[in-house]
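Participant: Handing you this structure, nothing more for now.
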Amino acid sequence: TSAPTSANSAVATAATAIVNIASLVTNDPSLGDGTPLGLIQDAAVVIDGDRVVWVGESSKAPATDNRVDAGGRAVIPGFVDSHSHLVFAGDRTAEFNARMSGQPYKAGGIRTTVAATRAATDAELSANVARYLHEALRQGTTTFETKSGYGLTVEDEARALRIAAEHTDEVTYLGAHIVSPDYADDPAAYVELVTGEMLDACAPYARWVDVFCEKGAFDGDQARAILTAGRAKGLHPRVHANQLTHGPGVQLAVELDAASADHCTHLTDADVDALASGSTVATLLPGAEFSTRAQWPNARRLLDAGVTVALSTDCNPGSSFTSSVPFCIALAVRDMGMTPDEAVWSATAGGAAALRRTDVGRLTAGSRADLTVLDAPSHVHLAYRPGVPLVSEVWRAGVRVV
Ligand code: NIG
Ligand code: FE
């Protein structure tokens, strides 16, 4: 991936200019209003092939053969959803119903989805991934990470990752989601499988290794063994950390320079300090707290400490069955102390940082031409008008796809 710069490139006349954009989020602070969003009013974006080649004021847009009038709508970078679990079958409606009648969320519900996923055909799983990816795309998501974790055998985990890799480049090996029910009496043997034969079978399809570090899943020592084994096979760590209870996940993530510590709901000051001192992104997943009626992660505390925050859906049938980044933005603004600007940054540039990508999550010369046109004059409307389908066009790699 080429490193984007804020200097505009030479523009071929065959390029396409999207003009008359009321406000454009570039996420380049050297542009526009100079805030982290690099907001340009009355803007244009010029696309050549799959790349952005020019951004600036609409009146200064270079001459191009193709012009698209945005009609005074807002444009933002396509959302980068850096955390989802899409390779699954079935759903957990009954569990959700029980929870909304007062039952607590338990990680053990994952077993229900494991059974359904193992029983599904490859074609069913692939169709499911495609369906939820399409759902996300219609809501403005142009980069999507997804994980295994509902197979928990060598064959089923490798199959999940092979299927995921047919749909996205951002694939994460989560053989360590919970201890497989087949190993309930011998968790150590399951960790051995996850760090040995299963890892060997899965590594070719994945970019990342993840572990659910939580009471009832994997403890700090097990998580460390799993992440370091993955790293030795060329996978980079990310961690489900401090979701349901306080634990060692966040500290471990920072120590291993994980790209991201995900959830970050139960944090001590030492956890916040660790995140602020390292380059591990804190990925907040408010869909999970919404759907489990849990306490919100405190985004304000993390931002005030200087931590890079990403906002993603965690789309999965158990704890967060939403593919909607706009919904997560609205929750983050309403309940987690984020400003609309911060939430939109976290769902675009923040997600890119959590995937260590510089080609997406921003709109400057050199970045991939992934953008979302909103039926609104400003990105603020994503939080101001919750639940309203504001995504009116989506462009991915220079092609209009919605
Ligand atoms: O991110 N935390 C672990 N994994 C998922 C939940 C998966 C499930 O309940 O099926 C999560 O919330
Ligand atoms: Fe998750």
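The values are calculated or read from the model by the stated rules, or taken from the named source; none is laboratory data. The structure displayed is predicted, hence computed values, not measured ones. Note that we place each Cβ from the backbone using ideal geometry, even for glycine, and neighbour counts take in every protein chain shown.
Participant: Mind telling me which of the residues Thr168, Thr153 ends up being within 23 Å of Asp370 (Cβ to Cβ) and either surrounded by 24 or more Cβ atoms within 10 Å (Cβ to Cβ) or among the hydroxyl-bearing types (Ser, Thr, Tyr) (or both)?
Facilitator: Every option except Thr168 fails the conditions.
Participant: Whether any residue in segment 124-143 is away from ligand 2 (no atom under 16 Å from the Cβ), more than 30 Å from Asp359 (Cβ to Cβ), modelled with pLDDT of 95 or more and more than 22 Å from the chain's Cα centre (by Cα) is what I want to check.
Facilitator: yes
Participant: Note down all Cβ pairs under 9 Å where the first residue falls in segment 207-223 and is closer than 12 Å to Asn242 by Cα, the second is basic (Lys, Arg) and within 16 Å of ligand 2 (Cβ to nearest atom), and they're at least six residues apart or on different chains.
Facilitator: Taking only residues 6 or more apart or on different chains, the pairs are Val211/Arg238.
Participant: Mind telling me which of the residues Ala241, Ala253, Ala232 ends up being of a type in the set (Gly, Ala, Ser) and over 21 Å from the mean Cα position of the chain (by Cα)?
Facilitator: Going through Ala241, Ala253, Ala232 in turn, just one is of a type in the set (Gly, Ala, Ser) and over 21 Å from the mean Cα position of the chain (by Cα): Ala232.
Participant: Under 7 Å between Cβ atoms, which residue pairs at least 6 apart in sequence (or on different chains) link something in segment 227-247 that is assigned by TED's automatic domain parsing to the domain that holds Trp208 and buried (at least 19 other Cβ atoms within 10 Å of the Cβ) with a partner that is in a strand (DSSP E or B) and at pLDDT below 95?
Facilitator: none
Participant: Filter segment 1-56 for residues that are within 24 Å of the chain's Cα centre (by Cα) and at pLDDT below 95; which is surrounded by the most Cβ atoms within 10 Å (Cβ to Cβ)?
Facilitator: Ranking the candidates gives Pro4 first.
Participant: Further question on the same structure: State which residue is farthest from the chain's Cα centre (by Cα) when the search covers only segment 207-229 and only residues that are of a type in the set (Val, Ile, Thr) and within 16 Å of ligand 2 (Cβ to nearest atom).
Facilitator: Ile226
Participant: Moving on to the next point. All but one of (1) farther than 18 Å from Asp314 by Cβ; (2) free of Cβ contacts under 8 Å to residues at least 12 places away in the same chain hold for Arg118; state the number of the condition that does not hold.
Facilitator: Among (1) farther than 18 Å from Asp314 by Cβ; (2) free of Cβ contacts under 8 Å to residues at least 12 places away in the same chain, the lone unmet condition for Arg118 is (2).
Participant: Mind checking which residues of segment 373-393 are surrounded by 17 or more Cβ atoms within 10 Å (Cβ to Cβ), among the small types (Gly, Ala, Ser) and assigned to a loop (DSSP other than H, G, I, E, B)?
Facilitator: Result: Ala376, Ser378.
Participant: While we're on this one: Could you pull out the residue among Ala63, Ala14, Ala94 that is without any contact (Cβ under 8 Å) to a residue 24 or more places away in the chain, farther than 25 Å from Gly140 by Cβ and among the aliphatic types (A, V, I, L, M)?
Facilitator: Ala94
Participant: Oh, and also: State whether the residues of segment 300-312 include one that is in contact with a Cys (Cβ under 9 Å, 6 or more places away or on another chain) and touching a residue at least 60 places away in the same chain (Cβ under 8 Å).
Facilitator: Yes, there is a match, as at least one residue in segment 300-312 is in contact with a Cys (Cβ under 9 Å, 6 or more places away or on another chain) and touching a residue at least 60 places away in the same chain (Cβ under 8 Å).
Participant: Moving to a separate point now. Is it the case that segment 140-158 has a residue that's in a helix (DSSP H, G or I) and within 16 Å of ligand 1 (Cβ to nearest atom)?
Facilitator: Taking every residue of segment 140-158 in turn, at least one turns out to be in a helix (DSSP H, G or I) and within 16 Å of ligand 1 (Cβ to nearest atom).
Participant: Pull up segment 310-327, narrow it to residues that are closer than 18 Å to His134 by Cβ and more than 13 Å from ligand 2 (Cβ to nearest atom), then point me to the one that is surrounded by the most Cβ atoms within 10 Å (Cβ to Cβ).
Facilitator: Within segment 310-327, the match that is surrounded by the most Cβ atoms within 10 Å (Cβ to Cβ) is Val325.
Participant: Looking at segment 261-279, which of its residues are buried (at least 24 other Cβ atoms within 10 Å of the Cβ) and within 16 Å of ligand 2 (Cβ to nearest atom)?
Facilitator: Correct list: Ala261, Asp262, His263, Cys264.
Participant: For a quick check of your reading of the model, give me the residue pairs whose first member lies in segment 316-327 and is more than 22 Å from Val391 (Cα to Cα) and assigned by TED's automatic domain parsing to the domain that holds Tyr150, whose second is among the charged types (D, E, K, R) and within 16 Å of ligand 1 (Cβ to nearest atom), with beta-carbon atoms closer than 8 Å and at least 6 apart or on different chains.
Facilitator: So the pair list comes out as Pro317/Asp91; Pro317/Arg92; Gly318/Arg92; Gly318/Glu95.
Participant: Here is a further query. Considering each residue of segment 194-206, count those that are surrounded by fewer than 22 Cβ atoms within 10 Å (Cβ to Cβ) and free of Cβ contacts under 8 Å to residues at least 40 places away in the same chain, and give that number.
Facilitator: Residues in segment 194-206 being surrounded by fewer than 22 Cβ atoms within 10 Å (Cβ to Cβ) and free of Cβ contacts under 8 Å to residues at least 40 places away in the same chain: 4 in total.
Participant: Which of (1) under 24 Å from Thr172 (Cα atoms); (2) in contact with a strand residue (DSSP E or B) (Cβ under 8 Å, 6 or more places away or on another chain) is the odd one out, the single condition Trp345 does not satisfy?
Facilitator: So the condition that Trp345 fails would be (2).
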